[in-house]
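This report refers to the structure that appears directly beneath it.
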Amino acid sequence: MKTITCTAPVNIAVIKYWGKRDEKIILPLNDSISFTLNQDEMCARTTVAVSPSFTEDRFWLNGNSYCSVLFAVFLLLVYSIVLSRAYISVRRRASKRKLEGSIEDILNWHVHICSVNNFPTAAGLASSAAGYACLVYALGQVYGVEGDLSSIARQGSGSACRSIYGGLVRWYKGELDDGTDSVAQPIAPPDHFPNLRIIICVANAGRKKTGSTDGMRQTVQTSRLMEYRVKESVVTRTEAMMEAIQDKNWSTFCDLTIADSNEMHAVCLDTFPPCVYMTDTSHAVASLVHQYNEVKIARGDLNHKVCYTFDAGPNACLFVPGAVVKEVLALLLRTFPPGPSQSPTEYVKGIPAQSATLSK
Ligand code: ADP
Ligand code: DP6
Ligand code: CO
């Protein structure tokens, strides 16, 4: 029996991936840029075990088995389609290498996979990114796969390819049909903006109604606004974001991050039927950030602006300069006192956006 346990962090996109040009091998319609979080805070932890005594492949997510429970058969199908893509890719690569006898045996053994997220799953906090990055990394360790894992992780969940690297990461959409140039690459280290903190405000930890995969498919099929995003606005914004990052221009980084989040949610609303991810609470957090920034702008204190971004869910991710973290947390807690209602500060957490890499 061989067992490996790995953890992988989530990443939060500041230029969003929303929409595929190839659903099978997951090729996106546009480049995206993200920040990988410190994995001690929000991560997936996955154990992969292979043994000659296992009689079937099994998978557990957050303690739920997707093999033995009958009603989960349907779910298993959904999972296994995506899961097996990543799994088979890793196995295929392993079998291409010159293998020692023992590894050849391992390739024929059944696998048990057990994964737990230490944060809400499918709530718009990038669980699929951490989950598939971790799965592919762990499988790679078991089968001794070397080389670019990001392109395999991409085929589990697009955003997962960015979690393979720490710091600021760009996923290039690529031009080729086989996806070989659709890869993630680190563009700046975790401490590029020193002392940057990320505050996650959980307005609702429940599963979203429409998962990212379905939501973006419906957007591509029905939204005219999406055509404008893909052909024009996101292309220009991505280049402006690269420049802001290179120049360490925090104020512009904030404006572009907010603009791209708002545009993604605008195309979601332009989808037919609309995909509504943000709630009144989400909008209240966004307004608070704008009010806060107006005060900073009036004082000429642009380096202490704050920005928000929302994935496909109601929960806000705030990028906050270290010097104002206390002030911003106090403001959030005053505006949204923790209580029985859906308060985004119930699970508020200050997360250092630092030193995020995959580890065993
Ligand atoms: P999120 O916003 O959390 O990324 P998605 O709709 O993109 O939500 O993806 C949620 C799905 O990702 C889950 O239903 C599950 O299929 C998969 N997933 C989440 N966490 C893991 C994990 N740790 N290991 C494997 N798959 C996972
Ligand atoms: C809003 O990577 O979860 O988080 O590729 O279908 O698995 P699939 O989708 P997923 O989509 C992420 C969408 C997003 C924006 C982003 O992370 O870039
Ligand atoms: Co996701």
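Before moving on, here are some points about what is shown:
- Cα→Cβ-extended label distance, 7 Å offset, between Asp22 and Asp214, nm: 2.6
- Chain lengthening between Ile297 and Thr236 when straightened (0.36 nm per residue, less Cα-Cα): 19.5 nm
- Pairs from the table (Lys24/Lys173; Lys248/Lys305; Lys20/Lys248) lying more than 21 angstrom apart at Cα are Lys20/Lys248.
- The phi torsions of segment 8-25, fed into the Karplus equation with coefficients 6.51, -1.76 and 1.60 and a -60° offset, translate into couplings of 9, x, 7, 10, 10, 7, 9, 10, 7, 8, 8, x, 10, 9, 9, 7, 6, 9 Hz, rounded to whole numbers, with Gly and Pro shown as x.
- Modelled FRET efficiency - R0 45 Å, Arg224 with Asp105, Cβ distances, 0.05 increments: 0.25
- What the phi angles of segment 229-239 give under the Karplus curve with 6.51, -1.76 and 1.60, with θ = phi - 60°, is a coupling list of 4, 5, 7, 10, 5, 6, 5, 5, 5, 5, 5 Hz, glycine and proline written as x.
- Likely footprinting exposure, Thr46, Thr279, fewest C-beta neighbours within 10 Å first: Thr279, Thr46
- Ranking of Leu139, Leu331, Leu27 by count of other Cβ atoms within 10 Å, fewest first: Leu331, Leu27, Leu139
- Phi-derived couplings, Karplus 6.51 cos²θ - 1.76 cosθ + 1.60 at θ = phi - 60°, listed residue by residue for segment 158-163: x, 5, 5, 5, 7, 6 Hz, with x used for Gly and Pro.
- Remark on Asn118: its backbone amide H falls under 5 Å from those of Cys43, Arg45, a criterion applied only to residues 5 or more positions apart or on other chains, H modelled at 1.01 Å from N.
- Backbone N within segment 127-161 under 19 Å of label point (7 Å from Leu176 Cα along the Cβ vector): 146-156, 161
- Using R0 = 30 Å, the C-beta based FRET efficiency linking Phe272 and Asp191 works out to 0.10.
- Asp31, Asp260, Asp280 arranged by Cβ crowding within 10 Å, fewest neighbours leading: Asp280, Asp31, Asp260
Each value in this text was obtained by applying a stated rule to the coordinates, not by laboratory testing. Every value quoted in this text rests on a predicted model; they were computed, and no experiment measured them. Don't worry about glycine lacking a Cβ; one is built from the backbone with ideal geometry, like all the others, and counts go over all protein chains shown.
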